[in-house]
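Structure first, commentary second.
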Amino acid sequence: MGKILDYEEMLYHLDQLDSNVIRKMPPIGYTTHGYPIPHYTYGTGSAHVILTAGTHATELIGNCFLIHFMEQLSNRLIDLDPAKITLHFLPILNPEGTIIVTSAIRSLIPRDTSEITEQFLATTYYGNCKIDDTGDTSLCLDMFSHATWDMIDDKHTKLKRHLQLLDEQYHYPKGVMIAWSSNGNGIDLNSNVVPTKYLKDTLEGNKVYGEGHRRLLCLTEPGPYGCPTKKECFQLEVENRALLHFYENCMSSHNVIGSIIYHACGGQVIYLDDIGISPWREKPTSDEIEYNRMVAKVYADETKYQMNPNTSYTTMDAKIKTMLPGTLLIELTPMRGTPLGQFVNSELGLYDETMERNTRAVTETVKKMCLHAPSICKKDV
């Protein structure tokens, strides 16, 4: 079997986990079209850590990594004491977008594709992205020009029909399903946060296309990437309402000592430092800043990724960083070209190395959180 998991395969892998080790919890909520946002836990300890993936549907490597890490725990291959910690896993934050993107992928790379062919197509896609980023070509979309809404299985009828209606209204380019980072409403969940002046200024004008059309930055219309709201009057999408409620409830009920949010590309560890101008809170305490830097360094040392402080406050991820000390945003691999570029496994073993390095990094970072967080995060509950 290849490395790329579609939505149904993700659910299958999650169902195969040892229920004595990884417990399936009630979903944290449901999407507009009724898909559960799954939640799993490991351990029963007093120190709680939240790990999430899949905010952007094209960033499949995050989902696949988090499921891989859960499988390693399930198989008792990772040294994290379940009596000391409780890990919360939210491995598919954007089920609707995941269905859309992986339906497009399966139109070109069926499940029974050999790993050699899968790697060839992933490498071709990555090369096309490099070309698209330098000019006005759309080679990546061209690879998936036949991937229309009809490629989505009929068991997803409501979602499929809604996408057809969006396409009829906004006239998306061919192949757009492979670039779909948003949820089924065409809303970018990470941009779906109370607008700041910066975001409002960015949204002035018409549809914007960037990076050689590859990412299709449709900032002012519901679509594949970037649109923060579907109505003139801002509202949170149901996925984000569920996510914020989960964080708030978890933080009020437990000693939550940090969280790790996975995105796909750039090879970075992004943390909250001296906050600058934030719409959500004033400057963090010196203890919080020191703690954030410390856990970011542990992760960066294990992965050799670059450490970067948060520089803008226009995303849901940034909001969560201001809510919870010890929150890191991990750009999981230096490879670009979502959704397929990160699955390239060259002679240097990039994909396998990404899995191994980040598994070590999570393990060591959580251990460090347990040693140093209580003085900052401990609550009487």
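With +1 on each Lys and Arg Cβ and -1 on each Asp and Glu Cβ, and nothing else charged, work out how big the dipole of the chain is about its Cα centre, in Debye to the nearest 20.
Working: 35 positive and 47 negative charges, 160 e Å.
Charge dipole of the chain: 760 debye, to the nearest 20.
Which log10 I(q)/I(0) values does the range 33-113 give at q = 0.11, 0.22, 0.25 Å⁻¹ under the Debye formula, counting every alpha carbon as one identical point scatterer? Debye output, listed in q order: -0.36, -1.02, -1.16. The relative contact order of the range 96-203, computed from alpha carbon pairs under 8 Å that lie at least 6 residues apart in sequence, is 36 percent.
Within the chain, what's the longest run with no GluC sites (Glu not before Pro) in a DSSP loop and at most 13 other beta-carbon atoms within 10 Å? Give the range, please.
Values: sites that count: GLU204, GLU232, GLU282, GLU347.
So the longest stretch without any such site is 1-203.
Each Lys and Arg contributes +1 and each Asp and Glu -1, all at the Cβ; summed about the Cα centre of the range 1-132, the dipole is approximately 260 debye.
As an equivalent ellipsoid, the range 96-203 spans semi-axes of 25, 20, 13 angstrom, where each value is the square root of five times an eigenvalue of the C-alpha gyration tensor, largest first. Ranking PHE120, ILE105, ILE260 by Cα position along the charge dipole of the chain, where only Lys, Arg, Asp and Glu carry charges on their C-beta atoms, puts ILE260 farthest toward the positive end.
If R₀ is 56 angstrom, what is the calculated FRET efficiency for the pair THR285 and LEU165, using the beta carbon separation as r and rounding to 0.05? Each step should come with its number before you reach the end.
Values: r = 48 Å, r/R0 = 0.86.
Computed FRET efficiency for THR285 and LEU165 comes out at 0.70.
Largest GNM mean-square fluctuation among ILE187, ILE78, ILE261, using the chain with Cα springs under 10 Å: ILE78.
Here, P(r) means the percent of Cα pairs in each 10 Å bin from 0 to the largest distance; for the range 222-381 it is 10, 34, 35, 18, 3, 0. Percent of Cα pairs in the chain per distance bin of 20 Å, from zero to the largest separation: 29, 61, 10. Distance from the C-alpha centroid of the range 105-168 to that of the range 1-79: 24 Å, rounded to the whole angstrom. Exceeding 25 Å between C-alpha atoms, which entries from my cross-link table qualify? They are LYS155/LYS321; LYS160/LYS230; LYS174/LYS319; LYS155/LYS319; LYS158/LYS231; LYS231/LYS283. Beyond 25 Å: LYS155/LYS321; LYS174/LYS319; LYS155/LYS319; LYS231/LYS283.
Its relative contact order, with pairs defined as Cα atoms under 8 Å and 6+ residues apart, puts the chain at 19 percent. In plain terms, the residue of SER182, SER19 with the fewest other Cβ atoms within 10 Å comes first and the most crowded comes last, giving SER19, SER182. The magnitude of the dipole of the range 96-203, with charges of +1 and -1 set on the Cβ of Lys/Arg and Asp/Glu and taken from the Cα centre, is near 340 debye. Qualifying trypsin sites (Lys or Arg not before Pro) in the range 300-358, where qualification requires a DSSP coil assignment and no more than 12 other C-beta atoms within 10 Å, comprise LYS304.
Bear in mind these aren't lab numbers, they're just calculated from the coordinates by the rules spelled out. The structure presented is a predicted model; accordingly, all values stated were derived computationally and were not measured. Cβ coordinates were reconstructed from backbone atoms using ideal geometry, including for glycine residues, and neighbour counts include every protein chain displayed.
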